[in-house]
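Participant: Here's a structure for you.
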Amino acid sequence: MSVDSEKLTVKLPDGTPLELEAGATGADAALSIGEGLARAALAIKVGEEVRDLSAPLSDGDEISIVTSRDPEGLELVRHDAAHVMATAVQELYPGTKVSIGPAIDNGFYYDFDFPEDVKITEAELPAIEAAMKKHIKADERFERRDLPVAEAIDHFRAQGEDYKVELIEDLIENEGAETVSLYRNGPFEDLCRGPHGPSTKRIKAIKLNSVAGAYWRGDENRQMLTRIYGTAFLSKDDLKEHLERIEQAKARDHRRLGPQLGIFMLREEAPGMPFWLPNGTVLLGLIEKEVRGQLARRGYREIATPQVMDESLWHRSGHWDNYVDDMYFMEVDDQRYALRPMNCPGACLVYGAERHSYRDLPLRLAEFGRVTRNEREGVLHGLLRVRAFTQDDAHVYCTEDQIEDEVADICEAIDELYARFGFEDVEVELSTRPAKAMGSAEQWERAESMLKSALDRQNRNYRINPGDGAFYGPKIDFHVTDALGRSWQLGTCQLDFQMPERFELSFTDADDERSRPVMIHRALLGSMERFAGILIEHYAGRFPAWLAPVQAMVLPVADRHIPYALGVAEKLGAEGVRVEVDERSESVGRKIRDAELGRYPYMLVVGDRDEEAGEVSVRSHEQGELGSMDTAEFCMLLGT
């Protein structure tokens, strides 16, 4: 039989075999299933790998056709759009060099090195967007070719594309690459692993969002490039919905609302280190109260350890080898100290200061630990990415037999806490051994198996996140979805065999022998600062009454009502209500408007009739006018 007449068989997602001609591609497979699918196809998935439709198939491949209905489809289109943006930029600004342009969670970006006489701001984005639309309308095909690395280097060097030359040289050094792939659409060709969609016309809607600076390879000693961000969708309706969410996010931005609501401020004198204002300290206290409630119910003992400790401690813990670039140091009397980036070594010193029996375990030590990390200024973002913050940390020392119960207890505490704060949509992921890790493969395999078993015993749905564990052990991470549908990683539960060994921690077992405990690192909320920022945006600053720093604002109609208003506030304060009085000589209408801007759950208006009746007129943001009631009734309404 000739090669041309040979067949190959692939397997569809439902297990159905599909027979094709030898040398068939993903496009051939889609067409053999149906013309409609062939028109809708964007790529083909072989096993877990997404490939171009033009990629040849092999006998026995398990395949599925990627269309706009699949998550991979949106990522493909955004990658396509990034290349189209680079096409438009080089067309509009000759001499521009391109570096990298990936798809990201909400869109894509490309980093450019523009000629010295070109300054790109957001004012230029509409022109770039218009040029992109021409290339999209032209239905330019994405065509791949593979070149030997030497030929590819010569190709890009001749074009003056220095960044591409450096990337290829790195591929040779780090991966031993012998060939590289290039993709062309219209006049633009770039170094790219792929895959791409069939053509530019599959991009249905685009929007360029912003311009920022970015160092080449993230190195502040290298060239500063111009990064242009954009997004792309498979329909105009999806883009419209996305842009509406962006506007909502701007309105909820904690960096604007935080100072406006008297919660926090940021200053140039301390970049990345928030100043907590009076309302913010109340909010933090309320959050801590909920966490402490979990500690009390679950047998945790609270400790506090120093923020500055000898440098040698961080060598011992392993942080020096894995975290030194993110640490701050100081020198006193020829002694080197480090500001702690983590709380765990201090907890190990506390555990190791006493002898322990198996009867003491599990020993649960909690700490609201202040940590400091040397984050680059360019990545700082309000409360969401800071240099100094407090973690609701705890470290559980237990036997291997106790691990599953402890993990289940931690997960239960997280469930209760997130529900209390209004987060109902929670996703769980199990992160496994990273490339840079302490300990043996056998230890990691055992630890990962234990966490998996604990999750399975709880009948939890979870996904595997390969290679994203902590350097000392695998971890379970918890992600919540906020009011705008954004996902945030909060709590974590990490299993550690390494640190107890490095700190020589032990306990006396039932046979009177010395044994090594297992250490579980856990945080319910993570960074308190970050969680506060997420809460501000989730509630748009309008916290539920139990969480609001100020639950009620008393508004005297005229100056003569101020003494009565102050008396009302005193009575409510005595009952535990967080209340303030607007004593300004402004109209009551102005006071009401300002109270709305202050986002207080309740306004208590007091005038002549209220004073005579010994009542207040209650206005709720959620429910509107609630009528008149005395202070006792209002306290019942609040549940105090």
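Participant: Within segment 35-49, take every residue that is part of a helix (DSSP H, G or I) and out of contact with any strand residue (DSSP E or B) (no Cβ under 9 Å at 6 or more places or on another chain) and give me the one that is nearest to R202 (Cα to Cα). Even if it seems obvious, please write down each step before you answer.
Facilitator: Step one: list which residues in segment 35-49 are part of a helix (DSSP H, G or I), which gives 35-40.
This time we only want the ones that are out of contact with any strand residue (DSSP E or B) (no Cβ under 9 Å at 6 or more places or on another chain), so: 35-36, 39.
Numbers: E35: 17, G36: 15, R39: 10 Å.
By that ranking, first place goes to R39.
Participant: State which residue pairs qualify: first residue farther than 30 Å from Q402 by Cβ and inside segment 518-543, second residue outside any helix (DSSP H, G or I) and among the aromatic types (F, W, Y) in any location, beta carbons under 6 Å apart, and separation of 6 or more residues or different chains.
Facilitator: Taking only residues 6 or more apart or on different chains, the pairs are E529/F389; I534/W488.
Participant: Condition first: part of a helix (DSSP H, G or I) and within 15 Å of D190 (Cα to Cα). Can you find one or more residues in segment 135-150 that meet it? Please lay out each step first, then the result.
Facilitator: So in segment 135-150, the residues part of a helix (DSSP H, G or I) come out as 135-137, 149-150.
Now narrow it down to the ones that are within 15 Å of D190 (Cα to Cα): 149.
Among the residues of segment 135-150, at least one is part of a helix (DSSP H, G or I) and within 15 Å of D190 (Cα to Cα), which makes the answer yes.
Participant: So, restricting to strands (runs of 3 or more DSSP E) that lie completely within segment 556-640, which ones have at least 3 residues that are at pLDDT below 95 and exposed (fewer than 14 other Cβ atoms within 10 Å of the Cβ)?
Facilitator: Numbers: elements: 579-581, 602-606, 616-620, 624-629.
In segment 556-640, the matching strands (runs of 3 or more DSSP E) lie at 624-629.
Participant: Yes or no: segment 89-106 includes at least one residue that is at pLDDT below 95 and either among the charged types (D, E, K, R) or part of a helix (DSSP H, G or I) (or both).
Facilitator: Yes, that holds for at least one residue.
Participant: Condition test on L37, is it surrounded by fewer than 15 Cβ atoms within 10 Å (Cβ to Cβ), of a type in the set (A, V, I, L, M) and in contact with a helix residue (DSSP H, G or I) (Cβ under 6 Å, 6 or more places away or on another chain)?
Facilitator: Values: surrounded by fewer than 15 Cβ atoms within 10 Å (Cβ to Cβ): yes; of a type in the set (A, V, I, L, M): yes; in contact with a helix residue (DSSP H, G or I) (Cβ under 6 Å, 6 or more places away or on another chain): yes.
For L37, the condition - surrounded by fewer than 15 Cβ atoms within 10 Å (Cβ to Cβ), of a type in the set (A, V, I, L, M) and in contact with a helix residue (DSSP H, G or I) (Cβ under 6 Å, 6 or more places away or on another chain) - is met.
Participant: Looking at segment 244-293, which of its residues are under 23 Å from T372 (Cα atoms), in contact with a helix residue (DSSP H, G or I) (Cβ under 9 Å, 6 or more places away or on another chain) and not hydrophobic (A, V, I, L, M, F, W, C)?
Facilitator: Across segment 244-293, the qualifying residues are H254, R255, G258, P271, G272, P274, G280, E288.
Participant: Next question. Only residues that are in a loop (DSSP other than H, G, I, E, B) and either among the acidic types (D, E) or at pLDDT below 90 (or both): list them for segment 1-14, please.
Facilitator: Restricting attention to segment 1-14, the residues satisfying the condition of being in a loop (DSSP other than H, G, I, E, B) are 1-2, 6, 12-14.
Across segment 1-14, the qualifying residues are M1, S2, E6, D14.
Participant: In addition: Among the residues of segment 1-30 satisfying the criterion of being under 20 Å from E72 (Cα atoms) and hydrophobic (A, V, I, L, M, F, W, C), which is nearest to the chain's Cα centre (by Cα)? Talk me through it step by step, then tell me what you get.
Facilitator: Within segment 1-30, the first condition is being under 20 Å from E72 (Cα atoms), and the residues that meet it are 11-14, 25-30.
Cutting the leftovers down to hydrophobic (A, V, I, L, M, F, W, C) gives us 12, 27, 29-30.
Details: L12: 35, A27: 36, A29: 38, A30: 36 Å.
Taking the candidates together, the pick is L12.
Participant: Please verify whether A435 is closer than 26 Å to G258 by Cα, touching a Gly at 6+ places or on another chain (Cβ under 8 Å) and surrounded by fewer than 21 Cβ atoms within 10 Å (Cβ to Cβ), treating the condition exactly as stated.
Facilitator: Details: closer than 26 Å to G258 by Cα: no; touching a Gly at 6+ places or on another chain (Cβ under 8 Å): yes; surrounded by fewer than 21 Cβ atoms within 10 Å (Cβ to Cβ): yes.
Criteria not met by A435.
Participant: Could you go through segment 383-394 and let me know if any residue there is buried (at least 17 other Cβ atoms within 10 Å of the Cβ) and more than 21 Å from the chain's Cα centre (by Cα).
Facilitator: Yes: segment 383-394 contains one or more residues that are buried (at least 17 other Cβ atoms within 10 Å of the Cβ) and more than 21 Å from the chain's Cα centre (by Cα).
Residue by residue, here is whether (1) under 30 Å from E596 (Cα atoms); (2) assigned to a loop (DSSP other than H, G, I, E, B) holds:
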site	(1), (2)
D456	no, no
R460	no, yes
V480	yes, no
L484	yes, yes
M499	no, no
D512	no, yes
L535	yes, no
A545	yes, yes
V550	yes, yes
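Participant: Determine if segment 197-204 includes at least one residue that is buried (at least 18 other Cβ atoms within 10 Å of the Cβ), under 28 Å from the mean Cα position of the chain (by Cα) and of a type in the set (A, V, I, L, M).
Facilitator: Yes, because at least one residue in segment 197-204 is buried (at least 18 other Cβ atoms within 10 Å of the Cβ), under 28 Å from the mean Cα position of the chain (by Cα) and of a type in the set (A, V, I, L, M).
Participant: Output the residues belonging to segment 271-303 that are at positive phi and either free of Cβ contacts under 8 Å to residues at least 12 places away in the same chain or surrounded by fewer than 17 Cβ atoms within 10 Å (Cβ to Cβ) (or both).
Facilitator: Of segment 271-303, the ones at positive phi are 272, 299.
The answer is G299, and nothing else.
Participant: Also: Test D170 against the stated conditions and say whether it is assigned by TED's automatic domain parsing to the domain that holds P102 and not in a strand (DSSP E or B).
Facilitator: Values: assigned by TED's automatic domain parsing to the domain that holds P102: yes; not in a strand (DSSP E or B): yes.
For D170, the condition - assigned by TED's automatic domain parsing to the domain that holds P102 and not in a strand (DSSP E or B) - is met.
Participant: Next up: Working only within segment 226-249, note down all residues that are assigned to a strand (DSSP E or B) and either within 22 Å of the chain's Cα centre (by Cα) or modelled with pLDDT under 90 (or both).
Facilitator: Residues of segment 226-249 that are assigned to a strand (DSSP E or B), as a first pass: 226-233.
Within segment 226-249, R227, I228, Y229, G230, T231, A232, F233 meet the criteria.
Participant: Let me ask something else. For E424, are the conditions met, namely being in contact with a Phe, Trp or Tyr (Cβ under 9 Å, 6 or more places away or on another chain), under 25 Å from D253 (Cβ atoms) and in the same structural domain as S515 (by TED's automatic domain parsing)? Give the derivation first.
Facilitator: Values: in contact with a Phe, Trp or Tyr (Cβ under 9 Å, 6 or more places away or on another chain): yes; under 25 Å from D253 (Cβ atoms): yes; in the same structural domain as S515 (by TED's automatic domain parsing): yes.
Here the answer is yes, as E424 does meet what is asked.
Participant: In a helix (DSSP H, G or I), closer than 24 Å to C344 by Cβ, free of Cβ contacts under 8 Å to residues at least 60 places away in the same chain and among the small types (G, A, S), is that true of A419?
Facilitator: On the way: in a helix (DSSP H, G or I): yes; closer than 24 Å to C344 by Cβ: no; free of Cβ contacts under 8 Å to residues at least 60 places away in the same chain: yes; among the small types (G, A, S): yes.
Spelling it out, it is not the case that A419 is in a helix (DSSP H, G or I), closer than 24 Å to C344 by Cβ, free of Cβ contacts under 8 Å to residues at least 60 places away in the same chain and among the small types (G, A, S).
The values are calculated or read from the model by the stated rules, or taken from the named source; none is laboratory data. Please read these numbers as outputs of a predicted model, since none were measured by experiment. Quick reminder, even Gly has a Cβ in these numbers, built from the backbone with ideal geometry, and neighbours come from all protein chains shown.
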